[in-house]
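Some notes on the structure that comes next.
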Amino acid sequence: MDAVIKADQQLFLALNGMHSAFFDFMMFWLSDKLIWIPLYLWLLYRLIRLNKSQWWLVVVAVVVLVTLTDQVSVQLFKNVFHRLRPCHDPGLEGLVRTLNGHCGGSYGFVSSHACNTAGVAIFAGMALRSQLRWLLPVLILWSVLISYSRIYLGVHFPGDVLAGFSVGALIGYAVFRLWQSVHQNLLNKTRNEAKGKR
């Protein structure tokens with residue numbers, strides 16, 4: 001395990017050390033949560049538009065998704081493993097480059113940014129693939145870029161974002177399958193009721 005942690009630290013230092021003014025600007029804004037609100041609203045609109053008769057089920061699924069990715073990343077990982085962020089790690093003092101003095105909370109395993117965005121990417125991409133086949137790969141790339149920005153900004157190790165992405169993707173897939181199952185059962189029930197009234 002020590003060898004894995006050391007390799008993770010070395011990879012972090014290599015990636016975190018590659019900087020330019022352009023990427024400083026780009027990675028800082030990529031990592032900002034508020035800038036993506038229009039994207040989230042557009043995805044929610046598309047999901048509801050595709051499932052007008054069950055719009056409430058879409059909203060419930062999204063709330064479950066966001067709650068799980070956020071709380072699992074914090075309660076089951078950060079608050080359990082207590083792995084310090086690179087910018088808080090005494091062993092890396094003076095070696096980590098951050099932007100605007102931002103570091104975040106003490107613990108970084110797993111990355112909530114990676115977990116949240118991966119969950120959204122998998123759920124929305126799979127739920128909308130019948131209409132927007134290109135969306136899933138684009139959203140995965142979006143999540144990967146945001147995950148990388150966390151390393152660039154000095155607030156997460158590569159292992160943090162890789163684990164966060166994996167956990168988020170699993171949650172996104174599980175919530176999608178659950179939503180899909182409930183959605184189909186409700187459709188079947190509605191059809192059966194309609195046939196019974198004839």
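The values are calculated or read from the model by the stated rules, or taken from the named source; none is laboratory data. A quick note: this is a predicted structure, and the numbers were derived from the prediction, not measured. Methodologically, a virtual Cβ is constructed for each residue, glycine included, from the backbone with ideal geometry; neighbour enumeration extends over all protein chains shown.
I'd like to know if region 128-137 contains one or more residues that are surrounded by 21 or more Cβ atoms within 10 Å (Cβ to Cβ) and among the aromatic types (F, W, Y). The answer is no, given that none of the residues of region 128-137 is surrounded by 21 or more Cβ atoms within 10 Å (Cβ to Cβ) and among the aromatic types (F, W, Y). Within region 40-52, restricting attention to residues that are touching a residue at least 24 places away in the same chain (Cβ under 8 Å) and part of a helix (DSSP H, G or I), the residue that is nearest to the chain's Cα centre (by Cα) is Y40. Residues in region 94-101 include none that are buried (at least 24 other Cβ atoms within 10 Å of the Cβ) and more than 10 Å from the chain's Cα centre (by Cα). Consider Y107 carefully, then state whether it is under 23 Å from I37 (Cβ atoms), aromatic (F, W, Y), under 20 Å from the mean Cα position of the chain (by Cα) and surrounded by 13 or more Cβ atoms within 10 Å (Cβ to Cβ). Here the answer is no, as Y107 does not meet what is asked.
No other residue among W142, W179 is more than 16 Å from the chain's Cα centre (by Cα), in a helix (DSSP H, G or I) and among the aromatic types (F, W, Y) apart from W179. Of the residues making up region 3-30, those that are in a loop (DSSP other than H, G, I, E, B) and more than 15 Å from F157 (Cα to Cα) number 2.
Within region 14-31, residues that are under 13 Å from N100 (Cβ atoms) have Cβ atoms under 6 Å from residues that are hydroxyl-bearing (S, T, Y) and at pLDDT 95 or above in these pairs: M27/S149; M27/Y152; S31/S149, counting only partners at least 6 apart in sequence or on another chain. Any residue that is small (G, A, S), closer than 24 Å to G17 by Cα and at pLDDT below 95 - is there at least one of those in region 83-100? Yes, region 83-100 has at least one match.
Going through region 163-182 one residue at a time, which ones are of a type outside the set (S, T, Y) and out of contact with any Ser or Thr (no Cβ under 8 Å at 6 or more places or on another chain)? Matches in region 163-182: A169, L170, A174, V175, F176, R177, L178, W179, Q180, V182. For region 67-116, taking the residues that are assigned to a helix (DSSP H, G or I), among the polar types (S, T, N, Q) and free of Cβ contacts under 8 Å to residues at least 60 places away in the same chain, the one that is farthest from P158 (Cα to Cα) is identified as T67. Of all the criteria given as (1) on the phi > 0 side of the Ramachandran plot; (2) out of contact with any helix residue (DSSP H, G or I) (no Cβ under 9 Å at 6 or more places or on another chain), the one not satisfied by N79 is (1).
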